[in-house]
Amino acid sequence: MGSHYCHLKLGERHKLAKWLEAKMPISEIADRLGRDAYTICRDIKRYRYTDTELHELNGYYAVNAQGMYERRRAIHRKTIVHPEVKDAIEDRLKAGWSPEQNRSPALHHRFQAAAILTK
């Protein structure tokens, strides 16, 4: 079974950004945060801000990194990406439908087809 881990929180990202600006080595940052160095490197690589025109703005910014993380996580949540699915599920629950009935493939196929037609 895979190991369980927690994602970096905003407070940890603030510390990370501050220590990166102070040119602290990744290994020391990882030790201070109690994280693996690979976790820190991956977070920096994924959520580093880059500007093609204003290179002096390139860097790791905690709030920006947190926003990118939240958007990345939301991609996999159908009820966030497709609010019409959320509304339909809530309506059916209010009407007495069970969660099992709401999970029917027909419901999801209908919204996938509608999304394709609106593109």
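The set of residues from segment 95-119 being modelled with pLDDT under 70, small (Gly, Ala, Ser) and in a loop (DSSP other than H, G, I, E, B) comprises just one member, Ser104. For segment 10-30, the condition holds for no residue, the condition being that it is modelled with pLDDT under 80 and open to solvent by 60 Å² or more (accessible area, probe 1.4 Å).
Starting from residues that are open to solvent by 50 Å² or more (accessible area, probe 1.4 Å) and touching a residue at least 12 places away in the same chain (Cβ under 8 Å), keep the ones in segment 74-94 and report whichever is farthest from Ile29 (Cα to Cα). Here the residue is Glu84.
Looking at segment 9-27, is at least one residue polar (S, T, N, Q), in contact (Cβ under 8 Å) with a residue 12 or more places away in the chain and in a helix (DSSP H, G or I)? Give the steps one after another, and end with the answer.
Looking only at segment 9-27, we keep the residues that are polar (S, T, N, Q), and these are 27.
Pick out the ones that are also in contact (Cβ under 8 Å) with a residue 12 or more places away in the chain and you get none.
No, there is no match, as no residue in segment 9-27 is polar (S, T, N, Q), in contact (Cβ under 8 Å) with a residue 12 or more places away in the chain and in a helix (DSSP H, G or I).
For beta carbons closer than 8 Å, sequence separation of 6+ or different chains, a first residue in segment 36-55 that is assigned to a helix (DSSP H, G or I) and surrounded by 12 or more Cβ atoms within 10 Å (Cβ to Cβ) and a second that is aromatic (Phe, Trp, Tyr) and modelled with pLDDT under 95, the qualifying pairs are Thr39/Tyr5; Ile44/Tyr60; Tyr47/Tyr60; Tyr47/Tyr69.
Taking segment 63-94 only, how many residues are among the polar types (S, T, N, Q) and modelled with pLDDT of 80 or more? Don't jump to the end; show me each part of the working.
Keep residues of segment 63-94 that are among the polar types (S, T, N, Q), which gives 64, 66, 79.
Filter again for modelled with pLDDT of 80 or more, leaving 64, 66.
The qualifying residues number 2.
The values are calculated or read from the model by the stated rules, or taken from the named source; none is laboratory data. Quick caveat, the model's predicted, so the values are computed rather than measured. FYI the Cβ positions are ideal-geometry reconstructions off the backbone, even for glycines, and counts take in every protein chain you see. Each accessible area value is taken on the protein alone, full model and side chains, heavy atoms only, with ligands, DNA and RNA left out. Shrake-Rupley method; radii C 1.70, N 1.55, O 1.52, S 1.80 Å.
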